[in-house]
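The values are calculated or read from the model by the stated rules, or taken from the named source; none is laboratory data. Because the structure is predicted, anything quoted here is derived from the model rather than measured. Here the Cβ positions follow ideal geometry from the backbone for every residue, glycine too, while neighbour counts run over all protein chains shown. Side chains included, ligands, DNA and RNA excluded: accessible areas come from the protein's heavy atoms. Shrake-Rupley method; radii C 1.70, N 1.55, O 1.52, S 1.80 Å.
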Amino acid sequence: MQEKEFIPLAQPTIDEDDINSVLDVLNSKRLAMGPKTKEFEEKIASLSERKYAVATSSGTAALHLGVISCGIKTGDIVITTPFSFVASANVILYQRAIPVFVDIDESTFMPSADSVISVIEDIKKGGYKIGDGRIQLIPNRLKAVLMVDIFGFPFEWDRITNYALENNLKVIEDSCEALGSEYKGLPCGKFGDVSAFAFYPNKQITTGEGGVLLTDDENIYKMAKSLCNQGRGEDNKWLLHVRLGYNYRIDEMSAALGVSQLGKLDLFVLKRQEIANYYTLLIEEANIQGFLPPIAPLWCSKISWFVYVVLLPEYVDRDKIMLELGEMGIETRPYFTPIHLQPFYRDIFGYKEGCYPVTEAISSRCLALPFFVGITPIQQERVVETLVKLINKHKK
Ligand SMILES: *Cc1c(COP(=O)(O)O)cnc(C)c1O
């Protein structure tokens, strides 16, 4: 058999301009806390219609700063989703706060605003249990909602932000997968008291490692900026630390790469849309019961695809198919594994299978296909053809 070329799951698009922008920084010898960081922050803030931005060393760092800056402390309750990258719940645990999961809606891969509100109302009544009930939830410690724009699809923001305002809750938008997407005509990253983007190499644009926190609240901004920079005060005296801070700063090479990449975001978004459309066409043409393309929710007025996640029919073994695809040089990944079933979440909370059934059902059927700006239509055809063959082979 002919040796087949490897198709990776993801791959950044880096051109001459990107490389030169990083080289310029190296040549300038200003490698940290310089003009590129400031420029990157200003550009991202303006794009997301936010007043303030703090660039960070990762998306996780940005989210963590967001959680602290919202005043989340030990024993506080934060409502979130179990169907996400683990970092979106970990940042709550970093503060010794309690993430309370709300099961997702199978059509959007996110909890509906209705189910979020209904869980909040139940917690307020007292006696609400999570896991095996070993962790006590104190109703008046309910502090925030942290929702995720999953796969580039916006969450149903307006109902939750309105509800939060009336109920004195903070809102955190994990928009790490949704740079360039829009919710009812407004950019993702604009919602909540704070939001965060991430720039790992598989995201829409990359800085290598990197992220950014966004807010319109001056106090949150000042707090996040200080925490990001070792707890230094506003006067920025180098050896005066007014609070326990972190080094979550981005460096100048990464920021320069970010500025350069940002200039191509519109192009990337268009190209990714084309690629997603072609996958969807191929899958519809294959016409296999239960083999489904992802569909953006109705309120998504513009989609910036992060990953392309399909659902496989229930009668096939997803993990087996993934393995066989890998043997044929096609890299895929099961985005996502439920957060509540990660070993240490089981240990801390006593979670087990059955706690969030929709999340678990979707997680057992989902598969992220190779998806990046440089993928060719021929490669996409090979991915879907191979997948279809394997589905038919494993059909019982
Ligand atoms: C990528 C991502 C993050 C942050 O990732 P980092 O690797 O820390 O930059 C956070 N939440 C979600 C949902 C993500 O996809």
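Could you tell me which residue of the range 257-269 is farthest from I375 (Cα to Cα), considering only residues that are more than 20 Å from the chain's Cα centre (by Cα) and not in a loop (DSSP other than H, G, I, E, B)?
Applying the first criterion (more than 20 Å from the chain's Cα centre (by Cα)) to the range 257-269 yields 257, 259-260, 263-264, 267.
Keeping just the survivors that are not in a loop (DSSP other than H, G, I, E, B) gives 257, 259-260, 267.
Values: L257: 22, V259: 24, S260: 21, L267: 14 Å.
It comes out as V259.
For the range 127-160, which residues satisfy the criterion of being at pLDDT 95 or above and small (G, A, S)?
G131, G133, A144, G152
For the range 348-367, enumerate the residues that are among the charged types (D, E, K, R) and in a loop (DSSP other than H, G, I, E, B).
Those that are among the charged types (D, E, K, R) and in a loop (DSSP other than H, G, I, E, B): K352, E353.
Restricting to the range 59-110, name every residue that is in contact with a His (Cβ under 9 Å, 6 or more places away or on another chain) and open to solvent by 20 Å² or more (accessible area, probe 1.4 Å).
Result: N90, Y94, Q95.
Name the single residue that is most open to solvent (accessible area, probe 1.4 Å) among those in the range 347-368 being under 15 Å from V86 (Cα atoms) and in contact with a Pro (Cβ under 7 Å, 6 or more places away or on another chain).
Here the residue is E360.
Return the pair list, or none, for Cβ contacts closer than 7 Å from residues in the range 302-331 that are open to solvent by less than 10 Å² (accessible area, probe 1.4 Å) to residues that are within 16 Å of the ligand (Cβ to nearest atom) and of a type in the set (S, T, N, Q), at least 6 apart or on different chains.
S304/S181; S304/Q204; F306/Q204
On the given criteria, is I135 part of a loop (DSSP other than H, G, I, E, B), surrounded by fewer than 20 Cβ atoms within 10 Å (Cβ to Cβ) and aliphatic (A, V, I, L, M)?
yes
Of the numbered conditions (1) more than 15 Å from the ligand (Cβ to nearest atom); (2) farther than 30 Å from E121 by Cα; (3) touching a helix residue (DSSP H, G or I) at 6+ places or on another chain (Cβ under 9 Å); (4) open to solvent by less than 10 Å² (accessible area, probe 1.4 Å), S48 satisfies every one except a single condition; which is it?
Exception for S48: condition (3).
Test V67 against the stated conditions and say whether it is within 13 Å of the ligand (Cβ to nearest atom), touching a Leu at 6+ places or on another chain (Cβ under 8 Å) and modelled with pLDDT of 95 or more.
Yes, satisfied.
Hey, any hits in the range 62-70 for a residue that's in contact with a Cys (Cβ under 7 Å, 6 or more places away or on another chain) and of a type in the set (S, T, Y)?
No.
In the range 143-182, which residues are away from the ligand (no atom under 16 Å from the Cβ) and over 19 Å from A89 (Cβ atoms)?
Correct list: E156, D158, R159, T161, N162, Y163, L165, E166, N167, N168, E182.
Within the range 235-252, does at least one residue satisfy the condition of being surrounded by 17 or more Cβ atoms within 10 Å (Cβ to Cβ) and over 26 Å from V171 (Cα atoms)?
Yes, the range 235-252 contains at least one residue that is surrounded by 17 or more Cβ atoms within 10 Å (Cβ to Cβ) and over 26 Å from V171 (Cα atoms).
Restricting to the range 193-203, count the residues that are under 13 Å from V269 (Cα atoms) and away from the ligand (no atom under 11 Å from the Cβ).
Let us first name the residues in the range 193-203 that are under 13 Å from V269 (Cα atoms), namely 203.
In the following step, the residues that additionally are away from the ligand (no atom under 11 Å from the Cβ) were identified as none.
Of the residues in the range 193-203, 0 are under 13 Å from V269 (Cα atoms) and away from the ligand (no atom under 11 Å from the Cβ).
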